[in-house]
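Notes to accompany the following structure.
The values are calculated or read from the model by the stated rules, or taken from the named source; none is laboratory data. Only a predicted model underlies this, so the values are computations on that prediction, with no experimental measurement involved. Cβ placement follows ideal geometry from the backbone for every residue including glycine, while neighbour counts extend to all protein chains displayed.
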Amino acid sequence: MTIQAERTPHYGDSEQVIAAERPQGSFARQLSLGEGADAENLTASYADGVLHVTIPASPKAQARRVKITHSAGGSRVLPGSTAEPGEAPAGSTGRGAD
């Protein structure tokens, strides 16, 4: 997606400007839209000097739920561990990964 604009001065040729707050001239910005963007349904509006561009997500890229199952067997001791079966490994607080 490419956004192009031009800012022209709001003063006449006979006026002398010492400092301008905003740069003038033309400019362009390019954004790469990923595969998850719905490029066919972009919307844009311009009000009070602000450009609002809405890039919706493609229906294919919408969030989805994945069920996670827990296998039986509970905890296990890994090779090289100093823990005895049923107790937390040395340096562990028992709260999971630190």
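Would you pick out the residues in the range 12-33 that are surrounded by 10 or more Cβ atoms within 10 Å (Cβ to Cβ) and either among the small types (Gly, Ala, Ser) or in a loop (DSSP other than H, G, I, E, B) (or both)? Spell out the reasoning first.
Of all residues in the range 12-33, those surrounded by 10 or more Cβ atoms within 10 Å (Cβ to Cβ) come to 20, 24, 27, 29, 31, 33.
Those that are surrounded by 10 or more Cβ atoms within 10 Å (Cβ to Cβ) and either among the small types (Gly, Ala, Ser) or in a loop (DSSP other than H, G, I, E, B) (or both): 20, 24, 31, 33.
Could you please tell me which pairs satisfy a Cβ distance under 9 Å, a separation of 6+ or placement on different chains, a first residue in the range 26-48 that is aliphatic (A, V, I, L, M), and a second residue that is in a helix (DSSP H, G or I)?
Sorted first by the residue in the range 26-48, then by its partner, the pairs are 33/39; 37/61.
Would you confirm whether any residue within the range 57-71 is modelled with pLDDT of 90 or more, under 37 Å from the mean Cα position of the chain (by Cα) and either closer than 15 Å to residue 2 by Cα or in a strand (DSSP E or B) (or both)?
The first filter runs over the range 57-71 and keeps only residues modelled with pLDDT of 90 or more, leaving none.
Looking through the range 57-71, none of the residues is modelled with pLDDT of 90 or more, under 37 Å from the mean Cα position of the chain (by Cα) and either closer than 15 Å to residue 2 by Cα or in a strand (DSSP E or B) (or both).
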